[in-house]
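Enquirer: The structure under discussion is supplied below as structure tokens; questions concerning it will follow.
The values are calculated or read from the model by the stated rules, or taken from the named source; none is laboratory data. It should be emphasised that the depicted structure is a prediction, and the values quoted were computed from it without experimental measurement. Here the Cβ positions follow ideal geometry from the backbone for every residue, glycine too, while neighbour counts run over all protein chains shown.
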Amino acid sequence: MKISPRLAVFTVLGTLLYLGLAIIGRGGFAAFFAHPALWVLVLATLAMTGATFFSEGNLSSGEREDTGNRWVLPAFAVIGLLQAFVPAYSDRLHLWTFNKGDVRWVGVVLFVAGGVLRLWPVFVLGKRFSGLVAIQPGHQLVTTGLYATLRNPSYLGLLINSIGWALAFRSSLGLLLTALMLVPLVARIHAEEALLRQTFGKRYNAYCAHTWRLIPWIY
């Protein structure tokens, strides 16, 4: 296990809380696991949580941190808890839900695809990947692979993953929560880019000139 024990415990407890809120929102274990798509959703969530144990992601403030951006962490936490419960609850009540049954499986596919895209950069960056906006010791600018096109592939993965979760519960309310997530997410992206620009200067500006910030051909 590469991840720190403290972060591992936090990750496990966070995952259990997230799934627990979804199960409660859906009306209990029997109601939740009545849908095969939701079985796959849970298994995928547990698999992705397990994968993080082999990463070197951390919460280190490194050599230099933008502490003014820490407000996004509680914002993400609140939206995340709502995202765990509200889509499942709206699914249970058939409140603002999509009627097509196959939308659940579309959601599961997006959830898995987004999760992979979310985690991939964690392994690529290793110890340079922090939950804080910070420059780590020996920090280097990565401009190959996924980063040759996108500056923030992990955040795009987070959005796709969140959309998938909402659709797995047929929830348009979940999609609205995903849209709300853009507020702290964009703020964090700008903070990270400002810190990288201070660190790498013209080299980072040149990199930005031929890459997309979040969504190819759009933003």
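Enquirer: Considering only residues that are at positive phi and either in contact with a Gly (Cβ under 6 Å, 6 or more places away or on another chain) or touching a residue at least 12 places away in the same chain (Cβ under 8 Å) (or both), which ones fall in segment 55-94? Before you say what the answer is, go through the steps one by one.
Expert: Narrowing segment 55-94 to residues at positive phi: 62, 94.
Correct list: Gly62 only.
Enquirer: Here are the criteria: (1) in contact with a strand residue (DSSP E or B) (Cβ under 8 Å, 6 or more places away or on another chain); (2) modelled with pLDDT of 95 or more. Tell me which single one Arg197 does not satisfy.
Expert: (1) is the only condition that Arg197 fails.
Enquirer: With (1) over 27 Å from Leu195 (Cβ atoms); (2) within 20 Å of the chain's Cα centre (by Cα); (3) of a type in the set (A, V, I, L, M) as the list, and Leu59 as the residue in question, which single condition is left unmet?
Expert: (1)
Enquirer: What about Ala168, is it buried (at least 16 other Cβ atoms within 10 Å of the Cβ), touching a Pro at 6+ places or on another chain (Cβ under 9 Å) and touching a residue at least 60 places away in the same chain (Cβ under 8 Å)? Steps first, please.
Expert: Values: buried (at least 16 other Cβ atoms within 10 Å of the Cβ): yes; touching a Pro at 6+ places or on another chain (Cβ under 9 Å): yes; touching a residue at least 60 places away in the same chain (Cβ under 8 Å): yes.
Spelling it out, Ala168 is indeed buried (at least 16 other Cβ atoms within 10 Å of the Cβ), touching a Pro at 6+ places or on another chain (Cβ under 9 Å) and touching a residue at least 60 places away in the same chain (Cβ under 8 Å).
Enquirer: So is Ala187 modelled with pLDDT of 95 or more, surrounded by fewer than 19 Cβ atoms within 10 Å (Cβ to Cβ), out of contact with any Pro (no Cβ under 7 Å at 6 or more places or on another chain) and farther than 21 Å from Glu65 by Cα or not?
Expert: No, not satisfied.
Enquirer: Can you give me the ranges of the helices (runs of 4 or more DSSP H) entirely in segment 1-54 with at least 3 residues that are in contact with a Gly (Cβ under 8 Å, 6 or more places away or on another chain)?
Expert: 36-52
Enquirer: Then there's this: Inside segment 140-158, can you point out the residues that are in a helix (DSSP H, G or I) and farther than 21 Å from Val109 by Cα?
Expert: Selection gives Gly145, Tyr147, Ala148.
Enquirer: Give the residues of segment 109-124 that are touching a residue at least 40 places away in the same chain (Cβ under 8 Å) and touching a helix residue (DSSP H, G or I) at 6+ places or on another chain (Cβ under 8 Å), sorted by residue number.
Expert: Correct list: Val109, Leu110, Phe111, Val112, Ala113, Gly114, Gly115, Val116, Leu117, Arg118, Leu119, Val122.
Enquirer: Return the residue satisfying two criteria in turn: it lies in segment 85-141 and is basic (Lys, Arg) and crowded, with 17+ Cβ neighbours inside 10 Å, and of such residues it is nearest to Ile24 (Cα to Cα).
Expert: Among them, the one singled out is Arg92.
Enquirer: Which of the residues belonging to segment 63-102 are under 23 Å from Glu193 (Cβ atoms) and either of a type in the set (Asp, Glu) or in contact with a Cys (Cβ under 6 Å, 6 or more places away or on another chain) (or both)?
Expert: Result: Glu63, Glu65, Asp66.
Enquirer: Of these, Val142, Val108, Val112, which one is aliphatic (A, V, I, L, M) and within 26 Å of Tyr207 (Cβ to Cβ)?
Expert: From the options Val142, Val108, Val112, the qualifying one is Val142.
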